[in-house]
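Trainee: Pasting in a structure now, in structure tokens, and then I'll have a few things to ask.
The values are calculated or read from the model by the stated rules, or taken from the named source; none is laboratory data. From a predicted model like this one, the values you see are computed outputs, not experimental measurements. Because the Cβ atoms are built from the backbone with ideal geometry, glycine has one as well, and the counts that use them run over all protein chains shown. Quick note on the areas: whole protein, heavy atoms, side chains included, nothing else; ligands and nucleic acids left out. Shrake-Rupley method; radii C 1.70, N 1.55, O 1.52, S 1.80 Å.
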Amino acid sequence: MQIRSLCAAVFAFLYTAANAQSVSVQITLKAAGKDSVAGATIQLYSLPDSVLLHSQISQPIKNTFRVKPFGRYLIKVFAVGFDTLQKNITVTNKSLTVALQLIANYKDLKAVTVVSSKPLMRQEDDKTIVDAEQLASTSTNAYEVLEKIPGAVVDQDGNIYLNSSTPATVYINGVEMRMSATDIASLLKSLPAGSVSRVEIIRTPSARYDAANSGGIVNIVLKKGVEIGTSGSINIRNDQGVYDTRTAGISLNKSFGNITSYISYQYTHRNYYEDIQSTRIIHADTSLAQMSSTKYSPVTNYAGGGFNIAFAKRFNIAYDIRVTATHNNSLAATYNTVSNTSSQTDLLQTQSPISNVGNSLVVSNTLFSKYKIDSVGSEWTNEIDYTYSRNTNTQAYDLDYILPPGPALTGNGNVLGISNFVTFKSDLSLQLQNKFILETGLKLSTAANNNTALYYLQQGTTPTQVDSFKTNTFSYKENIGSGYVQLSKLYHSFIFKAGLRLEYTDITGNQTVPVSTPFDIKRTDLFPYFYIKRNLLKIFGYPLIGNVIFRRSILRPGYDQLNPFPKLIDQFTYEEGNPKLQPQFTTNYEANVTYNDFPVLAIGVNNTKDVFNNVTYQNDSTKIAFRTYDNLGKYREIYSRLFGGLPSGHKYFMYLGVQFNYIQYNGTYENLPFNYSRDSWTFFTGHQFKATPTLNFNLNAWMYVNGFRLLNELKTMGQLNLSATKTFLNKKLAIILSGTDLLKTNKSLFHLQQGDVLVNGSRITDSRRCGITLRYNFGINHTEEKKPAFTPPAEEGQSQ
């Protein structure tokens, strides 16, 4: 009933639409003395994407442009005999007048680019934009950039948590990465840190985005070419933990005429370990102690490239391709001891070496077009994405009985998985009359996965036979069609935005070997969205803005969660999917406050039904543990965030934040009533000190207190990172010394007590590392003239 009322309210709001808003920006040019500036070229770009909106020859008196309100823009002025001028402006809902003075260039000087120091984070409506370049200078790869984002917690499996216990969905250049968290982490570790332009954090996505984003969206935007000429960079790095990691790469950017292109390559050879120790109670007086140590040695080759062609001032087409080839190699040794806790005697001792050798290939293609309908921001974009993924793995393992002695069990097998993803989406944004903005679009996506596993086993000297438990053939298809309409309106000091998204889901899967287990999910759902923004007041001349958001989302079980193929962890533990999983639905309410476009405070509630989670069940007779997924019932989460600090652009800047989460489950676990609650705290901070113009020091850290992940209770953990960066040769050469997890506190000490399963243990990885990076930039060198980062804002109607 609630959803019907909300949907009716959305339709009522959309029905009131007239046509959209724009405000004028008037630019006047002058020069010192009697210099003339006739014939200058004025260009206006939108920020942060640097898309060219307008370009015209200057008029003697004034030059008028129409733009969207409440936006950031970049003005560029080119004139023969004068230095190129750039200026950032912020537009409110009133007309803006900008007076610019050009400086005569009587000598053959380098171009001077006048820029404002960019803040680390800023808020644009319901989206937080992180300037990745400030994090990339002390990071080895894109994955480490994400680890250093204030307020984001990245766990040891590569899941990214923003404001809830549901992981965020990862996008690259606006395209969802349809892979497991582990595969996404591997891909990001193969991307050089310098290739990331910015990271967009969308904690409460609007109707424009897929509804399957309960945990929010992390969109990684990669750099694409340069404006003029040719440039590039070369990087090489070595870091050392217990094992070493080596990486090197090159990127080239070229622009000529109306074509911009780029190409990059990165080689990475990582070596690291993971140690897991646990004790599980399997009877009242019997425990199972397990120790596992695994060394991983993946070798990754990443290549990417693309081009953008501007056929006209209003129309451009872009193509991008990314290829990641990885050779995976791991060797694990597991030791198991079953003991009688009363007599403190060992009943069983086994050891099991397990080796895995595999290869993976991921090829992603994106074809994109944009047509600017008018000069005030109306546009039509279209995008086609295709991703091909192929994974192979050969596993061999032994199970040696030490106490009591017995014949060894030997097993081996091969796994082949092939995936194809195709997506088409079209988005239309119209600036209408009466201060309305209309957004609408559709999206069609299809995914096909096929997995085949063939395993053999041998006990002692008996003949080899097919392992019927692990041999498996599973196919999975997913078709999702969606459409949305969203309307926003500026009314006095308020911005109202309402949207409605419709999604049709058709998922089918079938395990044909060893037995047929078909399943299908077909459903149609509506997802409303509301957003209200208002200027609250000014503090020291800067605006304090309040935002209120409501949305409904879905989390569909994916291929890995549905695939019933049992994956061997050790003699007593398997992992498998659950083809009976149902999707979960979340209703989110959030109120947040920004100060000068910087997020400072947020309070929210997530109400979820049919929540599914990672669970551990235990076989009553064999006591073998199965890690799988199951629907548990209802789930409620209350969260709050507080963030503050000193602005960037000075010799020293810092940020400090805290996040609180309270969770409550109410449902069933193994057909028994399940009621559980827990609260947790996350603290994070970052500091930068510029000792000289060419030497700066960085520190960032986070701490997770009373944590909770996948029904596991975690003890306090955290991470402290330090780095020092020194530049040479007019800042073309940079040498970076860095240390990660210097205190060795990023280790997971966990406790699980659900149903008849009681486990305590620890998980430690090769996280403490020290390294050196050399990065050389070549090509065009723009001399930057830094402006103060925190100058007082002008009154409304004046440039900033």
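Trainee: Give me the one-decimal nm value for the distance between modelled label points at ALA333 and ASN730, 7 Å along each residue's Cα-to-Cβ direction.
Mentor: Result for the modelled spin labels: 5.6 nm.
Trainee: Right, another one. For segment 351-477, which whole-number percentage of the solvent-accessible area (1.4 Å probe, protein heavy atoms only) is attributable to carbon and sulfur atoms?
Mentor: Details: 3630 of 5890 Å².
Of the solvent-accessible surface of segment 351-477, carbon and sulfur hold 62 percent.
Trainee: Still on this structure, I have one more. Give me the net charge for the shell around LYS189: Cβ to Cβ below 9 angstrom, other residues only, Lys and Arg +1, Asp and Glu -1.
Mentor: Numbers: positive: ARG270; negative: GLU144.
Summing Lys and Arg as +1 and Asp and Glu as -1 gives 0.
Trainee: Share of antiparallel DSSP beta bridges in the chain, in percent to the nearest 5? Show your work: numbers first, answer last.
Mentor: Working: 411 of 431 bridges.
Antiparallel bridges: around 95 percent, rounded to the nearest 5.
Trainee: State the percentage of accessible surface on segment 122-246 attributable to carbon and sulfur atoms; use a 1.4 Å probe and exclude ligands, DNA and RNA. Before the final figure, lay out the partial values.
Mentor: On the way: 1700 of 3540 Å².
Carbon-and-sulfur percentage of accessible area, whole number: 48.
Trainee: Once ligands and nucleic acids are excluded and a 1.4 Å probe is used, how much of HIS650 is accessible, expressed in Å² to the nearest 10?
Mentor: Roll a 1.4 Å probe over it and HIS650 shows about 90 Å².
Trainee: Less than 14 Å Cβ to Cβ from ILE373, Lys/Arg counted +1 and Asp/Glu -1: what total charge do the surrounding residues give?
Mentor: Numbers: positive: ARG66, LYS68, LYS313, ARG314, LYS370, LYS372; negative: ASP374, GLU379, ASP427, GLU439.
Taking every Cβ under 14 Å from that of ILE373, the sum is +2.
Trainee: Still on this structure, I have one more. Give the carbon-plus-sulfur fraction of the accessible surface of segment 656-782 in %, rounded to a whole number; probe 1.4 Å, heavy atoms of protein chains only. Don't skip to the end; give the middle numbers.
Mentor: Values: 3850 of 6120 Å².
Whole-percent figure for carbon plus sulfur exposure: 63.
Trainee: Roughly what would the spin-label model give for SER297 and ASN619, points 7 Å off Cα along C-beta, in nm?
Mentor: For SER297 paired with ASN619, the spin-label model returns 3.4 nm.
Trainee: Charges on Cβ only, +1 for Lys and Arg, -1 for Asp and Glu, centred on the Cα centroid of the chain; of TYR386, ALA312, GLN156, which one is farthest towards the dipole's positive end?
Mentor: Result: ALA312.
Trainee: Where Rh is the Kirkwood radius over the Cα pairs of segment 463-622, the temperature 20 °C and the viscosity 1.002 mPa s, what D in µm²/s does Stokes-Einstein return? Walk me through the intermediate numbers first.
Mentor: Numbers: Rh = 19.9 Å.
Translational diffusion coefficient: 108 µm²/s.
Trainee: Continuing with this model, one more query. Give me the 1.4 Å probe accessible area per residue for segment 137-270, excluding ligands and nucleic acids, in Å².
Mentor: Numbers: 4300 Å² over 134 residues.
Computed with neighbouring chains in place, this is 32 Å² per residue.
Trainee: Between PHE697 and ASN382, 0.36 nm times their residue separation minus their Cα-Cα distance comes to what? Mind dumping the intermediate values first?
Mentor: Working: separation 315, 0.36 × 315 = 113.40 nm, distance 4.30 nm.
Here the segment from PHE697 to ASN382 would lengthen by 109.1 nm.
Trainee: Also, I was wondering about something else. Hey, what number do you get for the chain at 222 nm if only DSSP H runs of n ≥ 4 count, each worth -39500 (n - 2.57), divided across all residues, to the nearest 500?
Mentor: On the way: 5 runs with 37 residues, N = 800.
For the chain, the value works out to -1000 deg cm²/dmol.
Trainee: Give me the 1.4 Å probe accessible area per residue for segment 487-546, excluding ligands and nucleic acids, in Å².
Mentor: On the way: 2880 Å² over 60 residues.
Value returned for segment 487-546: 48 Å² of accessible area per residue.
Trainee: Helix 2-15 versus the longest principal axis of the chain: what angle, 0 to 90°, nearest 10, using Cα atoms?
Mentor: Once rounded, the angle reads 20 degrees.
Trainee: Report the charge-dipole magnitude of the chain in Debye, nearest 20, computed about the Cα centre from +1 at each Lys and Arg Cβ and -1 at each Asp and Glu Cβ. Walk me through the intermediate numbers first.
Mentor: Details: 75 positive and 59 negative charges, 605 e Å.
The dipole magnitude comes to about 2900 debye.
Trainee: Excluding residues on the same chain fewer than 8 positions from LYS731, give the lysines whose Cα lies under 16 Å from its Cα.
Mentor: List returned: LYS110, LYS690, LYS786.
Trainee: Which value, in Å², gives the accessible area per residue of segment 340-477 when a 1.4 Å probe is used on the protein heavy atoms?
Mentor: Working: 6640 Å² over 138 residues.
Result: 48 Å² of accessible area for each residue.
Trainee: Now for a different question. Please give the direction-averaged projected area of the C-alpha convex hull for segment 580-731, in square nanometres with one decimal. Can you show the working numbers first?
Mentor: Values: hull surface 54.5 nm².
Hull-based average projected area comes out at 13.6 nm².
Trainee: Now for a different question. Is there a pair in LYS189/LYS744; LYS94/LYS224; LYS30/LYS435; LYS148/LYS609 whose C-alpha atoms are over 30 Å apart, and which pairs would that be?
Mentor: Details: LYS189/LYS744 21 Å; LYS94/LYS224 33 Å; LYS30/LYS435 33 Å; LYS148/LYS609 32 Å.
Pairs exceeding 30 Å: LYS94/LYS224; LYS30/LYS435; LYS148/LYS609.
Trainee: Give me the aspartates and glutamates in straight-line cross-link reach of LYS295: C-alpha distance below 13 Å, same-chain residues under 8 apart excluded.
Mentor: LYS295 reaches ASP244, GLU274, ASP275, ASP766.
Trainee: Percent relative contact order of the chain, based on C-alpha pairs within less than 8 angstrom and at least six residues apart?
Mentor: Numbers: 2255 pairs, mean separation 91.2, N = 800.
Here the relative contact order equals 11 percent.
Trainee: Still on this structure, I have one more. According to the Kirkwood expression over distinct Cα-Cα pairs, how big is the hydrodynamic radius of segment 477-566, in Å?
Mentor: 16.8 Å
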